[in-house]
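The structure under discussion appears below in the form of structure tokens.
The values are calculated or read from the model by the stated rules, or taken from the named source; none is laboratory data. No experiment lies behind these values; they were computed from the predicted model shown. Note: ideal-geometry Cβ built from the backbone for every residue, glycine included; neighbour counts use all protein chains shown.
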């Protein structure tokens with residue numbers, strides 16, 4: 001009888017121990033993850049991507065990782081966000097590598113004009129393709145994931161033919177679009193997204209490459225009234241972590257971050273933000289705005305005009321020590337697999 005009571009007591013204790021937090025979880029020290037990005041707090045990316053990711057990390061870490069959001073360039077200018085993660089100004093940053101043209105020659109393949117037709121599949125393909133290159137090209141940060149949006153040309157007067165770009169001042173989305181503008185005889189006006197409206201308002205720029213809804217979010221719809229109805233370019237982004245901070249995490253906390261730096265999260269952000277951006281096309285098709293139709297023949301003319309930009313990218317990748325043509329074909333294969341190749 002005593003033996004039975006003893007075994008019952010041991011069983012009860014075992015049950016209690018099974019319900020208790022694991023030693024790794026109990027010993028996790030709270031740490032802050034400062035997440036810096038340069039779009040405003042009300043931007044669709046912040047609401048559909050950054051905030052859900054932050055809440056999921058906090059929940060999965062049982063509160064031991066506290067994510068603090070710093071939108072709207074609070075910790076630094078948009079082009080500086082990669083270096084901010086590298087230097088520990090923020091533990092995580094949202095980066096447009098195209099703001100530093102030439103620094104990341106492999107990743108720039110994702111910016112090539114008329115390459116992708118779907119932001120969700122395009123994001124997942126870009127992320128899957130780039131992971132093996134990130135270890136070398138972005139080796140001073142901890143790569144989390146990549147994603148993108150797809151945009152077009154918004155202007156003060158209708159533009160249907162690439163020949164019209166000659167002599168115009170265009171704000172490009174990234175360095176590759178800037179090359180395209182130059183190849184067409186236009187002048188690139190380098191300014192980040194938050195400063196883009198000023199460029200058009202003051203006449204510094206005649207047109208801008210931007211996704212649909214962000215035209216409204218940034219108030220650019222008050223200036224640009226004409227919108228080319230085509231998939232012109234991709235703006236590509238990475239989420240990168242400070243290496244020292246990541247190394248300081250407990251095994252349990254590292255597992256949480258690893259579970260949130262995945263191709264699935266790339267796809268989720270690409271789908272949610274991309275679909276929301278594309279939703280801006282409808283309001284920009286109504287007065288006082290005008291959709292500018294692009295026929296199949298006109299689109300073919302645009303694509304032919306972009307061929308020198310592809311050649312420049314291959315040459316830059318070759319110069320950086322890669323087989324440019326092979327690397328580009330890898331990206332195209334990933335895109336085709338996800339039905340995202342244009």
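Here is how the numbers come out for the structure above:
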read-out	value
Given (1) farther than 30 Å from residue 244 by Cα; (2) surrounded by fewer than 23 Cβ atoms within 10 Å (Cβ to Cβ), number of the condition residue 137 does not satisfy	(1)
Condition met for residue 195 (modelled with pLDDT under 95, touching a helix residue (DSSP H, G or I) at 6+ places or on another chain (Cβ under 9 Å) and either under 30 Å from residue 321 (Cβ atoms) or surrounded by fewer than 23 Cβ atoms within 10 Å (Cβ to Cβ) (or both))	yes
Test set (1) within 27 Å of residue 102 (Cβ to Cβ); (2) surrounded by 13 or more Cβ atoms within 10 Å (Cβ to Cβ) - residue 307 fails condition number	(2)
Number of the exception - residue 241 against (1) more than 21 Å from residue 141 (Cβ to Cβ); (2) in contact with a strand residue (DSSP E or B) (Cβ under 6 Å, 6 or more places away or on another chain); (3) surrounded by 20 or more Cβ atoms within 10 Å (Cβ to Cβ)	(1)
One residue from 178, 224, 205, 235 being crowded, with 19+ Cβ neighbours inside 10 Å, touching a residue at least 40 places away in the same chain (Cβ under 8 Å), in a loop (DSSP other than H, G, I, E, B) and in contact with a strand residue (DSSP E or B) (Cβ under 7 Å, 6 or more places away or on another chain)	224
Any hit, the stretch 49-68, residues being touching a strand residue (DSSP E or B) at 6+ places or on another chain (Cβ under 8 Å), part of a loop (DSSP other than H, G, I, E, B) and closer than 16 Å to residue 245 by Cβ	yes
Helices (runs of 4 or more DSSP H) completely within the stretch 241-342 that count 3 or more residues being farther than 28 Å from residue 131 by Cβ	296-305
Contacts under 6 angstrom Cβ, first residue in the stretch 320-333 being under 15 Å from residue 112 (Cα atoms), partner at pLDDT 95 or above and surrounded by 20 or more Cβ atoms within 10 Å (Cβ to Cβ), 6 or more apart	324/317; 327/317; 328/109; 330/129; 331/109; 331/129
Residue 291 vs. criteria touching a helix residue (DSSP H, G or I) at 6+ places or on another chain (Cβ under 7 Å) and either touching a residue at least 12 places away in the same chain (Cβ under 8 Å) or surrounded by 15 or more Cβ atoms within 10 Å (Cβ to Cβ) (or both)	yes
